[in-house]
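Report on the structure given below.
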Amino acid sequence: MTTIAETVRYRAPTRADLPDIQVIDGAAFRDRYPFFVLRQLLEADSSRCVVAVEPGDDEDKLVGYALTIMGDSGRAWLISLAVSPDRRGCGYGRGLLRHSVWVCQQKGDVDEVWLTVDPKNVSAYKLFEDFGFVLREHDERYFGDNEPRDVLVYKLHRIGEKGYPGT
Ligand SMILES: CC(C)(COP(=O)(O)OP(=O)(O)OC[C@H]1O[C@@H](n2cnc3c(N)ncnc32)[C@H](O)[C@@H]1OP(=O)(O)O)[C@@H](O)C(=O)NCCC(=O)NCCS
């Protein structure tokens, strides 16, 4: 039997996805991105961003997103990753992470993927560590007072050197 998690598609986001991305972002984070920031992020470069979409009879349902932007020195930043609360635990978070890293790998201009995570965010931390991200630094005030973050880094392998990212 095919489960919903097996039929999910991962693709680049379009402008039409922005309202759904904002709803998921708002449900996941206390400080949500304003709409104009999301819009401009996608306008500037959506090529490393990924959404997870479940096929439906009438229309597809967006169930998660990952936003990655290119920094300097071969460093890409995964700046946000979230799955709809009612779809967590289905493997979509790992799928979004894999596709994001895979896209970076395909582009050939990324050596490392960097991200920040709240050290108390157990589910995200475990996802990233199991995937192969390693701690680079801890900053007690990364986003200001009482907002510590760990900076984690994933080194990309040359294609063919290892399997699909995170395996
Ligand atoms: C973090 C998040 C994206 C994970 O998405 P998800 O679809 O539920 O995760 P998956 O089903 O793909 O699980 C993948 C792995 O994540 C870890 N994980 C997920 N949920 C977990 C939980 N409740 N407790 C511990 N580990 C968990 C596990 O390692 C899991 O692998 P396993 O099932 O083999 O044990 C999701 O919980 C979320 O949207 N959280 C709010 C936003 C957020 O914190 N984003 C990260 C910011 S840095």
Relative contact order of the chain, defined on C-alpha pairs under 8 angstrom at six or more residues apart (%): 18 percent
For THR7, THR68, what's the fewest-to-most ordering of other Cβ within 10 Å of each Cβ? THR7, THR68
Protection proxy ranking of 117-130, 53-66 - average other beta-carbon atoms within 10 Å, highest first: 53-66, 117-130
Cubic angstrom per residue, convex hull over Cα atoms of the stretch 4-155: 118 Å³
Based on the alpha-carbon set only, what is the convex hull volume of the stretch 1-74 divided per residue, in Å³? 114 Å³
Would you compute, from DSSP H runs of 4+ residues alone, the mean residue ellipticity of the chain at 222 nm, taking -39500 (n - 2.57) per run and dividing by the full residue count, rounded to the nearest 500? -9000 deg cm²/dmol
Dipole magnitude of the chain about its Cα centre (Cβ charges: Lys, Arg +1; Asp, Glu -1), debye to nearest 20: 320 debye
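We did not get these values from a lab; they are worked out from the coordinates using the rules stated. Note that this is a predicted model, so its numbers are computed, not measured. No Cβ is skipped: glycine too gets one built from the backbone with ideal geometry, and neighbour counts run over all protein chains shown.
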